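*Asks:* Okay, here's the structure, questions in a sec.
The values are calculated or read from the model by the stated rules, or taken from the named source; none is laboratory data. Values in this document were obtained by computation on a predicted structure and should not be read as measured data. A quick note on method: Cβ atoms are made from the backbone with ideal geometry, for glycine too, and the neighbour counts reach across all protein chains shown. To get the accessible areas, we keep the full protein, side chains included, count just its heavy atoms, and leave off ligands, DNA and RNA. Shrake-Rupley method; radii C 1.70, N 1.55, O 1.52, S 1.80 Å.
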Amino acid sequence: MATHAVLHPTRRRIRLDEHLPVDHRLSKVYRVGAGLTGLVLLAFGILGLIDKVGFFDTRGDTVAGLNTNGALSVLSICVGLLLFAGMVIGGNFASTLNMIVGVAFILSGFANLALLDTSLNFLAFRIQNVLFSFVVGIMLMVFGMYGRVGSALPHDNPYWRARHPEQAEREERAVAQAELSRGKS
């Protein structure tokens with residue numbers, strides 16, 4: 001049985017730290033996602049601290065329908081501030097931060113789901129907190145991946161162009177040719 005290798009031209013790998021063009025419209029999506037989620041987490045954390053619950057208290061104090069304690073409130077404020085920093089910086093940093101924090105929220109949801117009703121549940125999670133963690137994690141991942149992944153990205157998208165450099169170059173030449181012939185007429 002004969003086997004052969006099919007040679008494909010080497011494709012350039014896309015790195016997560018590549019920069020978008022200045023003021024690219026995708027940056028607004030990443031910033032809004034980070035900012036809104038950061039605002040929600042900040043509000044939750046501040047309201048938890050205002051309630052003066054114990055730092056590792058697990059008796060079931062609630063804020064906005066979610067159980068909390070001092071540790072969860074401080075953690076929420078820190079993550080909220082981190083997301084706000086991502087909003088201020090914007091661009092690929094905000095996108096990557098949204099994806100990383102989104103994955104962390106989903107992993108936290110699974111970890112705290114396993115710790116429900118145990119003595120290791122030091123963040124006072126209940127099932128509503130787990131569900132909130134899953135929803136926020138998925139939402140942040142969607143905000144972070146928006147315009148970076150998908151099969152129908154527009155051809156002016158920098159991530160599409162990085163994945164299809166030959167076709168992008170052909171399209172640029174065709175546009176330049178069209179502009180040149182319009183200028184001659």
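*Asks:* Residue by residue, what Karplus-based ³J(HN,Hα) values in Hz, rounded to whole numbers, does the range 71-79 have, using 6.51, -1.76 and 1.60 with θ = phi - 60° and x for Gly and Pro?
*Replies:* In residue order, the calculated couplings are 5, 5, 5, 5, 4, 5, 5, 4, 5 Hz.
*Asks:* Taking R0 as 45 Å, what FRET efficiency do you get between Asp51 and Glu172 from their Cβ-Cβ distance, rounded to the nearest 0.05?
*Replies:* Numbers: r = 58 Å, r/R0 = 1.29.
My answer for the efficiency is 0.20.
*Asks:* What figure, in Å² to the nearest 10, do you get for the accessible area of Phe110 with a 1.4 Å probe and non-protein molecules left out?
*Replies:* Rounded to the nearest 10, the figure is 120 Å².
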